[in-house]
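The values are calculated or read from the model by the stated rules, or taken from the named source; none is laboratory data. Computed from a predicted structure; not experimentally measured. Glycine gets a Cβ as well: all are built from the backbone with ideal geometry, and neighbour counts include every protein chain shown.
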Amino acid sequence: MRSLVLLRLTLATALAFAVVATTACSKQALAKPLPGGVFNKLFPKAQAGYDVVFTQEKEGFAQAALKKAGSEVAMLSISDVVGNGDATAKFAQSAEKIADQPAVANGSQGTAILVANRFQVQVRSKADSFTADDRKAWIERFSLGDLKALAP
């Protein structure tokens with residue numbers, strides 16, 4: 001009798017574990033990166049001597065070159081970092097904010113923010129004349145409210 005109770009308890013525990021594991025896998029499967037084309041309309045528009053030229057688009061990522069007088073001065077990008085804990089972890093301890101979003105330096109030439117704990121918006125300098133203040137200003141030109149609205 002005791003072994004029958006023990007067997008039932010073991011089976012119930014295994015079944016509960018299977019349900020939890022299946023639910024976790026289903027939620028993870030639902031959280032897929034958005035198509036890169038969704039991000040294109042959220043990039044800053046060309047203005048005051050600057051051109052924005054799209055260079056790459058793939059699942060979860062879009063990138064554009066920022067050109068001034070025909071020369072590339074910076075690279076602009078949006079990455080969907082859903083499921084990438086390492087990408088979001090670097091923002092956890094950030095004391096700096098840009099456009100009310102946590103911000104970090106990515107090396108000496110990059111500045112990034114995390115929007116809605118899912119989307120990384122980054123500007124990387126390609127010319128020495130393009131400063132950290134320039135990177136911050138261009139990050140603020142992205143349609144960040146619309147990007148935030150894409151997060152579930």
Considering only region 116-141, state which residues are within 19 Å of the chain's Cα centre (by Cα) and either closer than 15 Å to residue 62 by Cα or part of a helix (DSSP H, G or I) (or both). 118, 119, 120, 121, 122, 123, 124, 135, 136, 137, 138, 139
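Filtering region 105-128 down to residues that are hydrophobic (A, V, I, L, M, F, W, C) and surrounded by 19 or more Cβ atoms within 10 Å (Cβ to Cβ), which residue is nearest to residue 43 (Cα to Cα)? Steps first, answer last, please.
Keep residues of region 105-128 that are hydrophobic (A, V, I, L, M, F, W, C), which gives 105, 112-116, 119, 121, 123, 127.
After this cut, where a residue has to be surrounded by 19 or more Cβ atoms within 10 Å (Cβ to Cβ) as well, the list is 112-115, 119, 121, 123.
Values: 112: 14, 113: 14, 114: 15, 115: 14, 119: 13, 121: 10, 123: 11 Å.
Only one residue tops the list, namely 121.
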Being hydrophobic (A, V, I, L, M, F, W, C), farther than 17 Å from residue 38 by Cα and in a helix (DSSP H, G or I) is the requirement here; does residue 87 meet it? yes
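Does region 72-103 hold any residues that are among the aliphatic types (A, V, I, L, M) and either crowded, with 19+ Cβ neighbours inside 10 Å or touching a residue at least 24 places away in the same chain (Cβ under 8 Å) (or both), and which are they?
Keep residues of region 72-103 that are among the aliphatic types (A, V, I, L, M), which gives 73-76, 78, 81-82, 87, 89, 92, 95, 98-99, 103.
73, 74, 75, 76, 78, 81, 82, 87, 98, 99, 103, listed by residue number.
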Can you name the number of the only condition in (1) closer than 13 Å to residue 39 by Cβ; (2) loosely packed, with under 14 Cβ neighbours inside 10 Å; (3) of a type in the set (S, T, N, Q) that residue 131 fails? (1)
Do the conditions hold for residue 102, that is, is it more than 19 Å from residue 52 (Cβ to Cβ) and in a strand (DSSP E or B)? yes
Of the residues 31, 46, which single one is of a type outside the set (Asp, Glu), in contact with a strand residue (DSSP E or B) (Cβ under 7 Å, 6 or more places away or on another chain) and either under 27 Å from residue 145 (Cβ atoms) or at pLDDT below 95 (or both)? 46
Could you list, in sequence order, the residues of region 44-56 that are closer than 17 Å to residue 135 by Cβ, of a type in the set (A, V, I, L, M) and in a strand (DSSP E or B)? 52
Say whether the condition of being touching a residue at least 12 places away in the same chain (Cβ under 8 Å), in the same structural domain as residue 41 (by TED's automatic domain parsing) and not in a strand (DSSP E or B) is met by at least one residue in region 57-66. yes
